[in-house]
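The structure under discussion appears below in the form of structure tokens.
Coordinate-derived values only; no laboratory data. The model shown is predicted, which means the values in this text are computed figures rather than measured ones.
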Amino acid sequence: MSGRTVSRRDLRLASGSVLLAYVALHLANHSLGLVSMAVAERGLAFTLGLLHSIAGSLVLYGAAA
């Protein structure tokens, strides 16, 4: 590492990217509902598994804070 410090701008970019990914997953699951409810439920299971893991929860709540 080159000794570069993390600025507020970098933190805002990272948190915004995490929240954008969350919204994208949410909207993608809604669009899967247009295909069928079974596909939407599989997408929901994937999304919940990702977001309800310890790492996913820490990243999401950290970005929201």
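Per-residue ellipticity at 222 nm for the chain, helices alone: DSSP H runs ≥ 4 residues times -39500 (n - 2.57), over residue total, nearest 500 deg cm²/dmol?
About -28000 deg cm²/dmol.
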Nearest 10 degrees, 0 to 90: helix 54-64 Cα axis against the chain principal axis: 70
At 20 °C and 1.002 mPa s, grab the translational diffusion coefficient of the chain from Stokes-Einstein with a Kirkwood Rh over Cα pairs, rounded to a whole number in µm² per second. 161
